[in-house]
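So the structure is just underneath, and the comments pick up after that.
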Amino acid sequence: MQRRFLVVGEGSFAQQCAEMACCGGAPAAAVSPDGSLEAFATSVGVPHVRTREALAEFLTQHPVDYLFSLNNPLVITAEMLACVSGLAVNYHDSMLPAYAGLHATTWAIAAGESKHGVTFHEVVPDIDAGRILLQRAISVEADETAVSLNAKCFEAGLELFDELLDRLNEGQVATRRQVGRRSYFGATHRPLGGGFLDSRLSADTLERLIRSLEFGPTPNPVALAKLATTDGVFVVRE
């Protein structure tokens, strides 16, 4: 009997992972606040909901074996977790416990990290704090930008999710607690000075800040790198 799963998330990453999960499980529903999983839900004939309240109501009536939280903006509560008989798993784009929270790639580049990574971990009421299932390290190049490191995390995350599904199907998933120094960046975290370049900082620091705030064609959720001059304020892209 196929195990029933539910996917909560947004964007192409959540959609591709949901399609991969169908090979070894039976989807129960899809949840995406932005509607990006609605087409997937329609294609496999399951309900689609958008809100945390609707998700909670669905789980109360239809418990599942697995919950996959993939690029998910909704907080999964303890009450929701009680409706998951197996594992509730979250994807995070860092090597936890470092860079928990939001926009991990931006903060890693700004800090001058040479290594980054992705993690699948158990969902617990505290954000990004559950036991680790799988991790994969990623190198951070000297010219890395937020958009390029996000792309690396995307690809590594898909490959690691495929491995996770294999382990779940084989019953060979092991967990380990998070070890090391935890850092956390929330929705209100912004670069010092709000992205304005400060000439008192080193050239290396300023260059890293600019790269960390380069999101390419996607919306920038953190801040723009800016330079204030006597002629006005200018956005700095490189």
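Taking first residues from the range 115-140 that are farther than 22 Å from Gly171 by Cβ and partners that are assigned to a strand (DSSP E or B) and of a type in the set (Lys, Arg), the Cβ contacts under 8 Å between residues at least 6 apart in sequence or on separate chains come to Gly117/Arg136; Val118/Arg136; Ala137/Lys115; Ile138/Lys115; Ser139/Lys115; Val140/Lys115.
The residues in the range 169-182 that are among the aliphatic types (A, V, I, L, M) and either closer than 17 Å to Ala100 by Cβ or modelled with pLDDT of 95 or more (or both) can be counted, and the count is 1. Considering only the range 9-16, I want to know if a residue exists there that is at pLDDT below 95, in a loop (DSSP other than H, G, I, E, B) and at negative phi. Among the residues of the range 9-16, not one is at pLDDT below 95, in a loop (DSSP other than H, G, I, E, B) and at negative phi, which makes the answer no. Within the range 105-121, restricting attention to residues that are open to solvent by 30 Å² or more (accessible area, probe 1.4 Å) and either part of a strand (DSSP E or B) or out of contact with any helix residue (DSSP H, G or I) (no Cβ under 7 Å at 6 or more places or on another chain) (or both), the residue that is nearest to Thr205 (Cα to Cα) is Ala111. For the range 166-210, the tally of residues that are part of a helix (DSSP H, G or I), over 30 Å from Phe234 (Cβ atoms) and of a type in the set (A, V, I, L, M) stands at 1. Among the residues of the range 75-99, those identified as aliphatic (A, V, I, L, M) and either surrounded by fewer than 19 Cβ atoms within 10 Å (Cβ to Cβ) or out of contact with any Leu (no Cβ under 8 Å at 6 or more places or on another chain) (or both) are Val75, Ala78, Leu81, Ala82, Met95, Leu96, Ala98. One residue alone among Leu102, Leu149, Leu133 is open to solvent by 50 Å² or more (accessible area, probe 1.4 Å), hydrophobic (A, V, I, L, M, F, W, C) and modelled with pLDDT of 95 or more, and that residue is Leu102.
The values are calculated or read from the model by the stated rules, or taken from the named source; none is laboratory data. Owing to the predicted nature of the structure, the values given are computational and were not obtained by experimental measurement. All Cβ positions, glycine included, derive from the backbone under ideal geometry; neighbour counts span all protein chains shown. Note: areas computed on protein heavy atoms with side chains; ligands, DNA, RNA excluded. Shrake-Rupley method; radii C 1.70, N 1.55, O 1.52, S 1.80 Å.
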